[in-house]
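Heads up: the structure comes next, in structure tokens.
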Amino acid sequence: MTKALLIGDEAPNFTAITTEGEIEFHKAIEGKWAVLFSHPKNYTPVCTTELGYTSKLKPEFDKRGVVVFGLSVDKIEDHAGWAADIEDTQGSALNFPLIADDSSIANLYGMIHPNANDTMTVRSVFVIGPDKKIKLSLQYPASTGRNFDEIIRVIDSLQLTANHQVATPVNWKDGEDVIIVPAVSNEAAKEKFPDGWNEVRPYLRIVPQPGK
Ligand code: BEZ
């Protein structure tokens, strides 16, 4: 059994055929944030809604410099027909590469859970940083559509941490206050946050969201 990929692991490289041509994954994501998500099968209802909604979110992903890849264990010819259905039924044409997998990538990323189904993937999501390391992974059952607004929210949080050394509190939403990460000393925080912070506890230092 392959070892599960964990946060901090390098996202494995692979080559694949997609609806937008052949890719080598590491080249395709070079220097960028990326989302790789699997859906159980083409021509299934929940997946149809997810891919339509993710296409609608493309401007939001673009704004954050994120490239998105969908994956299912289906043939490339089948992807084309399904893409037409997505456009017809969801009001948004597929606008990111959909990988046609023969299950080798799904196995590499642990997207097939034999206790759930031998061949269909669960709903996995990997958010990958510009360093090609996994920053988030989640797995949903086949019957529950994911919340892609939440994926955007996590990316915002991850990018705030990467760029400003702040963390985000429970149920944080874009524009709300954030927390100075514990690794930043008060000395260093004075330089980074010259307007100061609200020290609720020495370990809980609140500042307005940088860049807002
Ligand atoms: C779906 O994608 O709609 C789906 C797939 C497997 C089980 C239930 C729903």
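The values are calculated or read from the model by the stated rules, or taken from the named source; none is laboratory data. Fair warning: this is a prediction, and the values are worked out from it, not measured in the lab. Here the Cβ positions follow ideal geometry from the backbone for every residue, glycine too, while neighbour counts run over all protein chains shown. These accessible areas exclude ligands, DNA and RNA; they are computed on the full protein's heavy atoms, side chains included. Shrake-Rupley method; radii C 1.70, N 1.55, O 1.52, S 1.80 Å.
Data table
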| item | result |
| --- | --- |
| Rel. contact order, % - alpha carbon contacts under 8 angstrom, at least six apart, segment 164-207 | 35 percent |
| Bridge type composition, the chain - antiparallel percent by DSSP, nearest 5 | 75 percent |
| Rounded FRET efficiency, nearest 0.05, which uses the C-beta distance separating SER143 from TYR203 and R0 of 45 Å | 0.65 |
| Tail beyond 17 Å, pair distance distribution of segment 1-101 (Cα, percent) | 53 percent |
| Long pairs among LYS132/LYS212; LYS27/LYS132; LYS41/LYS132, criterion Cα-Cα beyond 21 Å | LYS132/LYS212; LYS41/LYS132 |
| Cα-based radius of gyration of the chain once divided by 2.2 N^0.38 Å, which approximates compact folds | 1.13 |
| Shape metrics for segment 95-212, restricted to C-alpha atoms - Rg then Dmax, Å | 18.7, 56 |
| 1.4 Å probe accessible area per residue over segment 15-146, in Å² | 44 Å² |
| Angle in degrees between helix 148-164 and the longest Cα principal axis of the chain, rounded to the nearest 10 | 40 degrees |
| Nearest 10 degrees, 0 to 90: helix 76-90 Cα axis against the chain principal axis | 60 degrees |
| Förster radius 25 Å - calculated FRET efficiency between ALA167 and ASN107, Cβ distance, rounded to 0.05 | 0.15 |
| Kirkwood hydrodynamic radius (C-alpha pairs) into Stokes-Einstein, segment 164-207, 25 °C and 0.890 mPa s, D in µm²/s | 230 µm²/s |
| For ALA93, net neighbour charge (Lys/Arg +1, Asp/Glu -1) across residues whose Cβ lies under 14 Å away | -2 |
| Stretch in the chain that is longest and holds no GluC sites (Glu not before Pro) that DSSP places in a loop and that have at most 15 other beta carbons within 10 Å | 31-175 |
| Within the accessible area of segment 131-212 (1.4 Å probe), percent carbon and sulfur | 50 percent |
| ARG205 long-range amide H proximity, modeled H, under 5 Å | ILE180 |
| Segment 124-212: chymotrypsin sites (Phe, Trp or Tyr not before Pro) falling in loop per DSSP and having at most 12 other Cβ within 10 Å | TYR203 |
| Principal-axis tilt of helix 45-56 within the chain, Cα atoms, nearest 10 degrees | 50 degrees |
